[in-house]
Amino acid sequence: MAAVREGAVHLEDRDIPFRQFRPTDAPTLPAILFCHGGGFVWGSIDTHDGICRRLAAQTGAAVISVGYRLAPETRFPGPVDDAYGVLHDLIAQADEHSIDAGNLTLCGDSAGGGICVSVAKMAARDGIPLRHLALIYPALDPACDTASQHALADGPLLTQDTMRWFWSCYLGPQPDHTDDLLPLQDVDLDALPSTTIATAEFDPLRDEGEGFASTLKARKIDVTYTCYPGMIHGFMSLAVSSATIDAALSDVSERLKASFHGQSRTKKA
């Protein structure tokens with residue numbers, strides 16, 4: 001990286017840390033707001049430092065990784081509000097952050113993917129234009145009842161019971177599954193930007209990612225969906241050498257990079 005900047009966005013009652021990765025010394029860069037995975041209960045800016053550096057290097061964009069508050073101490077929609085607060089600050093203080101507020105995208109893996117969908121829905125509701133939404137093996141469905149959830153209930157790496165526990169920490173013991181900001185609720189989906197969804201063949205979350213892609217396609221959203229063969233949940237962050245991992249990261253990066261030169265499907269109100 002040409003520069004790595006630590007900072008915090010000061011919201012009304014809390015500070016939300018972030019780390020910005022800048023791949024070049026250009027005075028202004030397009031930006032990717034990144035939300036890390038970890039089942040809503042763990043993970044951090046540090047655990048996802050590597051993938052953020054690679055995204056920045058391959059897209060040429062600044063990547064802003066958000067240290068949102070974690071469950072169960074902070075339940076939904078708290079983490080979403082944190083990420084959205086950072087997004088607002090990036091727009092309001094674009095010059096200070098050295099980014100182009102007209103070239104903003106969202107990217108998240110696993111739980112961070114679910115948070116990004118909620119943030120994108122808030123942006124659509126408030127007329128904030130986004131160029132792209134990139135979801136890497138996203139956690140979207142608290143029911144955990146898809147065919148892949150049952151077929152891969154014992155993993156590898158991620159199990160169905162663990163995923164159910166993650167959602168219970170995030171949504172609480174008596175969740176309201178009708179909240180409009182939950183990823184799969186059919187509110188503001190038509191206004192989402194072009195989207196890339198990447199899943200893994202041996203991941204319990206595979207089918208919810210594929211199902212979400214089908215839902216967006218039915219709404220005429222520009223969607224690219226790829227399930228990477230032989231891969232497991234979290235594969236893009238594994239410390240291994242793999243042509244498939246390299247190809248997956250390249251595919252996501254190319255879609256993000258292309259969006260900075262295209263037309264966003266999200267229009268300002």
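Checked against the criterion of being part of a loop (DSSP other than H, G, I, E, B) and free of Cβ contacts under 8 Å to residues at least 60 places away in the same chain, the range 186-208 contains one or more residues that satisfy it. The one condition from (1) under 15 Å from residue 213 (Cβ atoms); (2) of a type outside the set (S, T, N, Q); (3) surrounded by fewer than 22 Cβ atoms within 10 Å (Cβ to Cβ) that residue 164 does not meet is (1).
Residue 178 meets the conditions (1) more than 18 Å from the chain's Cα centre (by Cα); (2) touching a residue at least 12 places away in the same chain (Cβ under 8 Å); (3) assigned to a loop (DSSP other than H, G, I, E, B) in every case but one. The failed one is (2).
Residue 170 meets all of the listed conditions (1) open to solvent by 20 Å² or more (accessible area, probe 1.4 Å); (2) of a type in the set (Phe, Trp, Tyr); (3) not in a strand (DSSP E or B) but one, namely (1). Here the range 76-126 is the region considered, the condition is being hydroxyl-bearing (Ser, Thr, Tyr) and surrounded by 20 or more Cβ atoms within 10 Å (Cβ to Cβ), and the residue that is nearest to residue 252 (Cα to Cα) is 105. Restricted to the range 228-247, and to residues there that are surrounded by fewer than 12 Cβ atoms within 10 Å (Cβ to Cβ) and under 24 Å from residue 39 (Cα atoms), the residue that is modelled with the lowest pLDDT is 239.
Could we say that residue 63 is surrounded by 15 or more Cβ atoms within 10 Å (Cβ to Cβ), under 15 Å from the mean Cα position of the chain (by Cα), modelled with pLDDT of 95 or more and closer than 26 Å to residue 251 by Cβ here? It is true that residue 63 is surrounded by 15 or more Cβ atoms within 10 Å (Cβ to Cβ), under 15 Å from the mean Cα position of the chain (by Cα), modelled with pLDDT of 95 or more and closer than 26 Å to residue 251 by Cβ. Here residue 69 meets each of (1) open to solvent by 10 Å² or more (accessible area, probe 1.4 Å); (2) under 22 Å from residue 22 (Cα atoms) with one exception, condition (2). Restricting the range 20-48 to residues that are among the charged types (D, E, K, R) and open to solvent by 30 Å² or more (accessible area, probe 1.4 Å) leaves a set whose member that is farthest from residue 84 (Cα to Cα) is 25.
Between 12, 73, 96, which is at pLDDT below 95 and over 14 Å from the mean Cα position of the chain (by Cα)? Break it down stepwise before answering.
Numbers: 73 fails: at pLDDT below 95; 96 fails: at pLDDT below 95.
Going through 12, 73, 96 in turn, the sole match is 12.
For the structure I just gave you, tell me whether residue 205 is closer than 18 Å to residue 235 by Cβ, in contact with a His (Cβ under 7 Å, 6 or more places away or on another chain) and modelled with pLDDT of 95 or more. Yes: the conditions hold for residue 205.
Just a yes or no: is a residue in the range 18-29 touching a Cys at 6+ places or on another chain (Cβ under 7 Å), closer than 30 Å to residue 73 by Cα and not charged (D, E, K, R)? Yes, the range 18-29 contains a residue that is touching a Cys at 6+ places or on another chain (Cβ under 7 Å), closer than 30 Å to residue 73 by Cα and not charged (D, E, K, R).
Residues that are open to solvent by 30 Å² or more (accessible area, probe 1.4 Å) and out of contact with any Pro (no Cβ under 8 Å at 6 or more places or on another chain) within the range 5-18 comprise 5, 10, 11, 12, 13, 14, 15, 17, listed in sequence order. Of the residues contained in the range 248-268, none is found to be in a strand (DSSP E or B), in contact with a Ser or Thr (Cβ under 8 Å, 6 or more places away or on another chain), open to solvent by less than 40 Å² (accessible area, probe 1.4 Å) and at pLDDT 95 or above. Pairing residues of the range 213-239 that are charged (D, E, K, R) with residues that are crowded, with 18+ Cβ neighbours inside 10 Å, at Cβ distances under 6 Å and at least 6 apart in sequence or on separate chains, gives 217/223; 219/189; 222/194.
The values are calculated or read from the model by the stated rules, or taken from the named source; none is laboratory data. Computed from a predicted structure; not experimentally measured. Neighbour counts are summed over all protein chains in view; Cβ atoms, including those assigned to glycine, are modelled from backbone coordinates with ideal geometry. When the accessible area is computed, the model is the full protein with side chains, heavy atoms only, and any ligands, DNA or RNA have been set aside. Shrake-Rupley method; radii C 1.70, N 1.55, O 1.52, S 1.80 Å.
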